[in-house]
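In what follows, a structure is listed as structure tokens, so that the remarks can point back to it.
The values are calculated or read from the model by the stated rules, or taken from the named source; none is laboratory data. Nothing here was measured: the structure is a model prediction, and the numbers come from that model. Don't worry about glycine lacking a Cβ; one is built from the backbone with ideal geometry, like all the others, and counts go over all protein chains shown. Ligands, DNA and RNA are stripped out before the accessible areas are found, and what is left, the full protein with its side chains, is counted by its heavy atoms. Shrake-Rupley method; radii C 1.70, N 1.55, O 1.52, S 1.80 Å.
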Amino acid sequence: MTRTDLSRESAESRGIRTAPRRKVLISGASIAGPALAFWLNRYGFAVTVVEKAGALRGGGYPVDVRGTALEVVRRMGILPRLQDAHVDLRRLTFLQEDGSEVASVNPHTVTGGVAGRDLEVRRGDLTSALYMAVRDDVEFLFNDSIDTLDQSGPGVDVTFRGGGRRTFDMVFGADGLHSRTREFLFGPEEQFHRYLGYSFAGFTMRNTFGLSHEAVLWNTPGRAAVLYAVGDNADVHAFLNFAHPEPPYEAFRNPEAQRNLVTAVFADAGWEVPGMLAAMRDADDLFFDGVSQIRMPRWSSGKVALVGDAAYAPSFLTGQGSSLALVGAYMLAGSLADRDHAAGFAAYEHNTRQFVTVNQELVGEGDAALFPTTAQALELRNDMLRNLSAMPAAEGRPAHSALTLPEFTPTTWAHAGP
């Protein structure tokens, strides 16, 4: 029996009649979805999570958990597990076009993180920790997705791709940058998509470079190649990032077009790039996308709300995507703990939007300058890095901790009996 069941049983034994548990559906089982499921279950909701993939996605590139988000994972009880999974990046080395070194710096001087406090873990380690924390209390439907949403009745009628039909009191879209839930509610993505002028390809390849707990970044104007070793592993994470004036929509859903585009952009590149291109051709985990943000005037419509990248993707240039997802999930669930959907969604936006905004605006504080598009801008960046290499690590960016988490009180939605 879960804690929620025990609290309801206790209330009923005292002559208090409890309302039926509110049934909710969450689309997406990456980071925001399981985090939201954890907190909604804590506050007495009956939670179902639907995920189009057949299972949790393991491995993956490293993600950061910083500032306010650290308090979220501490309250969830998963902080020790994440600390054990911390990859401990110790050095970030920048190279010229010919492979010579520009500077080698403490990663925190660039990311704005805090050494010894902030966490960096493989994405799969974070999603696994979140799933383990909630799997016994929440229904997961893998290899399925929402096909239609209908809010014309008293609840939200959902038809699933697998053929099932169910009604929920609320539905939440935690289905990422290219959210279908958002499209159902608000229309095409393009109206909320703020493209930042870059696209990238990420994949894993053999670590034949002798790299350990470090990243190496090679640049020419408008192009960057990164090799990222999270430890002494046999594989490294490879990234090929490039300036592209318009979003390459034709490549987003076509892996062969993605490989062809990246190969063409880096065709004359030196250093280790030819080997990276060859590895990309054979990679079975290629991930390609534009560097973008999602900016929306509101995050809900009726009884459906968005959370994480679906509502406010900040882009990897900020390093805050996972942290915003964790904090947003906590704030959304807590805002609904003792409110109906309308008041809860309003409180969620009112109390969370400023935190989202200041973190999205980190792209205006020079992060994109790590990937300059002109020779002059590249030289200016290199001069900055040479100066940084002699400086101590930063004490964290204020945006990372710009929200103090409130304490939300679990509720049984009880009322006195006759």
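Within the bounds of the stretch 280-291, is there any residue that is over 23 Å from the mean Cα position of the chain (by Cα) and crowded, with 19+ Cβ neighbours inside 10 Å? Within the stretch 280-291, one or more residues are over 23 Å from the mean Cα position of the chain (by Cα) and crowded, with 19+ Cβ neighbours inside 10 Å. Among the residues of the stretch 130-142, none qualifies, meaning not one is without any contact (Cβ under 8 Å) to a residue 40 or more places away in the chain and touching a Leu at 6+ places or on another chain (Cβ under 6 Å). Being in a loop (DSSP other than H, G, I, E, B), open to solvent by 20 Å² or more (accessible area, probe 1.4 Å) and modelled with pLDDT of 95 or more is the filter here; which residues of the stretch 294-327 pass it? Result: Arg295, Pro297, Arg298, Gly302, Lys303. Look at the stretch 264-285: where a residue is within 15 Å of Thr208 (Cα to Cα) and among the β-branched types (Val, Ile, Thr) and a partner is open to solvent by less than 70 Å² (accessible area, probe 1.4 Å) and part of a loop (DSSP other than H, G, I, E, B), sitting 6+ places away or on another chain with Cβ atoms under 6 Å, you get Val273/Phe266.
Note on the stretch 17-61: among residues that are in a strand (DSSP E or B), surrounded by fewer than 21 Cβ atoms within 10 Å (Cβ to Cβ) and not hydrophobic (A, V, I, L, M, F, W, C), the one that is nearest to the chain's Cα centre (by Cα) is Thr48.
Of the helices (runs of 4 or more DSSP H) that lie entirely inside the stretch 62-160, those containing 1 or more residues that are modelled with pLDDT of 95 or more span 68-76, 79-85, 123-134. Taken together, Gly202, Gly231, Gly222, Gly210 contain a single residue that is farther than 30 Å from Trp299 by Cβ and in contact with a strand residue (DSSP E or B) (Cβ under 6 Å, 6 or more places away or on another chain), which is Gly222. Checked against (1) buried (at least 18 other Cβ atoms within 10 Å of the Cβ); (2) over 19 Å from the mean Cα position of the chain (by Cα); (3) within 26 Å of Asp309 (Cβ to Cβ), Phe94 passes all but condition (3).
Within the stretch 145-153, one or more residues are under 21 Å from the mean Cα position of the chain (by Cα) and either closer than 27 Å to Ser322 by Cβ or free of Cβ contacts under 8 Å to residues at least 24 places away in the same chain (or both). Taking the conditions (1) in a strand (DSSP E or B); (2) open to solvent by less than 40 Å² (accessible area, probe 1.4 Å) in turn, Leu177 satisfies each one other than (1).
When Thr411, Thr373 are screened for being touching a strand residue (DSSP E or B) at 6+ places or on another chain (Cβ under 7 Å), assigned to a loop (DSSP other than H, G, I, E, B) and at pLDDT below 90, only Thr373 passes.
Residues that are over 19 Å from Phe288 (Cβ atoms), modelled with pLDDT of 90 or more and open to solvent by 10 Å² or more (accessible area, probe 1.4 Å) within the stretch 218-237 comprise just one, Pro221.
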